[in-house]
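Report on the structure given below.
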Amino acid sequence: MAEQENNAANRFNQLNLQQKMGLAAGVAALFALIAGAWMWGQAPDYRVLYSNLSDRDGGAIIESLQQMNIPYKFAEGGGALLVPSGHVHEARLKLASQGLPKGGNVGFELMENQKFGITQFAEQVNYQRALEGELARSVQSIGAVAAARVHLAIPKPSVFVKEQQKPSASVVLSLQGGRLLDSAQVSAIVHLISSSVPELSAKNVTVVDQNGTLLSASRDGAGGNGLDAEQLKYVQQVEQGYVKRIEALLTPMLGANNIRAQVSADIDFSRTEQTSESYKPNQNPAESAVRSQQSNEAMSGSGLGAGGVPGALTNQPPVPATAPIVAGAQGGTATADNASLSNLQKESTVNYEVDRTIRHTILPVGSIRRLSVAVVVNGSRKVTDDKGKSSNKSLSDEEKEQINNLVRDAMGFDPKRGDNLNVQVAAFTEYRETVEELPLWKQAGNIELAKDLLKYLVIAAVMFFAVFRIIKPALQTLLTMQSSAAAPGGATLETAPEAAYAPPVPSYEQSLQTARQIAQQEPKIVASVIKEWVGGNE
């Protein structure tokens with residue numbers, strides 16, 4: 001080993017300056033190649049931190065990333081800001097604590113920098129912009145909304161009632177990937193906007209998503225065909241409720257996976273109002289309430305003319321009768337003073353209250369008009385006895401009748417409503433869902449592994465090529481040239497193979513020439529060597 005090291009050192013010392021510089025450049029290139037390959041292999045995987053940032057937010061985020069010493073780069077086109085995958089969540093939390101990104105919407109901070117002498121029109125425009133920005137920020141706080149823009153159309157107020165116009169609003173939403181808004185969330189956005197603007201009705205708020213789909217149409221059922229997602233969802237909930245009720249009732253008796261039930265519900269979603277007015281038949285007058293009563297009495301006959309003593313006594317009130325009135329033989333009457341009546345007429349009118357009932361009925365929405373239930377029961381169940389032996393058991397007629405009655409009670413069977421129930425007993429067959437496995441080259445884990453292996457294979461191939469195709473041939477060429485130059489009589493490797501591999505023995509003239517070259521190129525080294533000789537008394 002020591003001899004090989006000495007030989008290598010001797011061969012290196014025998015190279016001239018140019019050859020040494022070439023060898024050093026090759027070794028440096030090899031180390032640079034190895035370092036570059038290692039750095040490429042250790043390059044971090046960059047992920048998206050934020051996308052579609054405004055210029056103001058992008059500058060603030062980059063400044064914060066530089067302060068946190070987190071590397072970053074831009075995607076192609078500058079549409080996204082990328083950071084290493086290990087710093088994505090940390091960077092988002094730290095930036096969120098700083099209030100970044102703020103978004104492109106401007107809120108009421110716009111009113112803080114009002115210029116002196118601003119016109120009323122400009123002030124109104126700034127207020128409307130600030131209100132739109134604040135509403136957009138509020139809508140963006142919903143989890144499924146990535147970005148939002150709010151446009152308000154606020155008319156100029158007028159003193160004339162006929163010329164007054166109501167404000168309106170339009171909302172454009174950009175939803176997160178794979179996220180949707182249900183009708184309740186859309187209704188919440190609509191009421192949020194309408195409650196934030198004076199005199200803005202919820203009917204004048206329009207909500208549209210990034211695909212141009214009108215989301216606010218479902219809240220009032222104006223979907224064109226009258227269908228409402230909430231109504232369909234309610235029907236599904238009613239049907240699933242009956243299915244779960246039937247299965248929960250029969251599972252303890254029949255066992256799990258031995259019953260299948262399906263329910264079809266006909267729901268009435270029409271809004272109906274009824275007003276009815278009914279009259280009762282005539283009742284007993286003695287038990288009825290008198291509304292009004294009128295009586296009229298007329299009498300005529302002899303002795304009923306004017307009489308009495310003229311004067312003040314005639315104007316006095318009549319003296320009570322001293323004898324009762326007695327009816328005459330011919331329909332007349334006789335008084336104590338023998339006055340007879342020839343005609344007596346009496347009229348009496350009595351009006352009773354009429355019984356009347358007025359009923360205003362609002363029928364409930366979502367009432368069940370008809371139920372259709374189909375139940376299939378496993379006819380051959382596996383039963384395990386006390387000894388652990390399993391056998392198939394079929395249902396008896398009593399059990400079938402019992403199941404039928406239980407399902408009727410569970411569904412609330414009503415023949416007047418037109419309900420239908422069908423219970424069938426059949427042998428279940430085993431069903432196994434086959435899941436098609438993805439081939440190895442389509443699986444995500446194998447794809448990532450293949451990418452890593454390909455990367456390292458490329459690195460190894462580049463290093464192999466650099467070492468065995470560039471550096472090694474260059475070294476062999478340099479050593480061959482040096483050995484050829486050192487062979488006596490100008491012999492080459494073919495003529496003097498032993499001289500090519502044996503260490504050359506320099507002659508006195510060669511040593512002298514080498515010393516002269518060293519003295520010319522490195523005089524300081526020669527001076528130091530002579531100084532050591534003189535000091536050592538050699």
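The values are calculated or read from the model by the stated rules, or taken from the named source; none is laboratory data. All values reported here derive from a predicted model rather than from experimental measurement. Don't worry about glycine lacking a Cβ; one is built from the backbone with ideal geometry, like all the others, and counts go over all protein chains shown. Quick note on the areas: whole protein, heavy atoms, side chains included, nothing else; ligands and nucleic acids left out. Shrake-Rupley method; radii C 1.70, N 1.55, O 1.52, S 1.80 Å.
Considering 65, 93, 53, 81, which residue is buried (at least 17 other Cβ atoms within 10 Å of the Cβ), of a type outside the set (Ser, Thr, Tyr) and either at positive phi or in a helix (DSSP H, G or I) (or both)?
Details: 93 fails: buried (at least 17 other Cβ atoms within 10 Å of the Cβ); 53 fails: either at positive phi or in a helix (DSSP H, G or I) (or both); 81 fails: either at positive phi or in a helix (DSSP H, G or I) (or both).
Answer to the check: 65.
Run down 107, 117 and say which single residue is at pLDDT below 90, among the small types (Gly, Ala, Ser) and on the phi > 0 side of the Ramachandran plot.
Working: 107 fails: on the phi > 0 side of the Ramachandran plot.
The conditions single out 117.
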If we ask which residues in segment 29-39 are modelled with pLDDT under 75 and either in a strand (DSSP E or B) or exposed (fewer than 13 other Cβ atoms within 10 Å of the Cβ) (or both), their number turns out to be 3
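Determine, yes or no, whether residue 245 is touching a helix residue (DSSP H, G or I) at 6+ places or on another chain (Cβ under 6 Å), modelled with pLDDT of 80 or more and basic (Lys, Arg).
Values: touching a helix residue (DSSP H, G or I) at 6+ places or on another chain (Cβ under 6 Å): yes; modelled with pLDDT of 80 or more: yes; basic (Lys, Arg): yes.
Yes; evaluated as a whole, the condition is true for this residue.
Go through segment 127-147 and count every residue that is acidic (Asp, Glu) and open to solvent by 50 Å² or more (accessible area, probe 1.4 Å). Don't jump to the end; show me each part of the working.
Narrowing segment 127-147 to residues acidic (Asp, Glu): 132, 134.
Next, only the ones that are open to solvent by 50 Å² or more (accessible area, probe 1.4 Å) stay: 134.
Qualifying residue count, segment 127-147: 1.
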What number of residues in segment 410-431 are more than 40 Å from the chain's Cα centre (by Cα), surrounded by 12 or more Cβ atoms within 10 Å (Cβ to Cβ) and in a helix (DSSP H, G or I)? 1
Are any of the residues in segment 236-247 exposed (fewer than 13 other Cβ atoms within 10 Å of the Cβ), of a type outside the set (Val, Ile, Thr) and either over 30 Å from the mean Cα position of the chain (by Cα) or not in a helix (DSSP H, G or I) (or both)? no
So which residues in segment 497-538 are modelled with pLDDT of 65 or more, open to solvent by 70 Å² or more (accessible area, probe 1.4 Å) and outside any helix (DSSP H, G or I)? 522
Is one or more of the residues making up segment 88-101 modelled with pLDDT of 85 or more, in contact with a Lys or Arg (Cβ under 9 Å, 6 or more places away or on another chain) and farther than 30 Å from residue 127 by Cα? yes
Looking only at segment 148-195, count how many residues are surrounded by 17 or more Cβ atoms within 10 Å (Cβ to Cβ), assigned to a loop (DSSP other than H, G, I, E, B) and either touching a Leu at 6+ places or on another chain (Cβ under 7 Å) or polar (S, T, N, Q) (or both). 1
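A quick yes/no check of all residues on (1) modelled with pLDDT under 90; (2) out of contact with any Asp or Glu (no Cβ under 6 Å at 6 or more places or on another chain); (3) farther than 24 Å from residue 240 by Cα; (4) of a type in the set (A, V, I, L, M):
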{"residue": "384", "(1), (2), (3), (4)": "yes, yes, yes, no"}
{"residue": "396", "(1), (2), (3), (4)": "yes, yes, yes, no"}
{"residue": "425", "(1), (2), (3), (4)": "yes, yes, no, yes"}
{"residue": "435", "(1), (2), (3), (4)": "yes, yes, yes, yes"}
{"residue": "438", "(1), (2), (3), (4)": "yes, yes, yes, yes"}
{"residue": "441", "(1), (2), (3), (4)": "yes, yes, yes, no"}
Taking only segment 114-126 into account, find how many residues are closer than 17 Å to residue 197 by Cβ and open to solvent by 90 Å² or more (accessible area, probe 1.4 Å). 1
Exactly one of these conditions fails for residue 12: (1) closer than 30 Å to residue 451 by Cβ; (2) open to solvent by 80 Å² or more (accessible area, probe 1.4 Å); (3) at pLDDT below 80. Give me its number. (1)
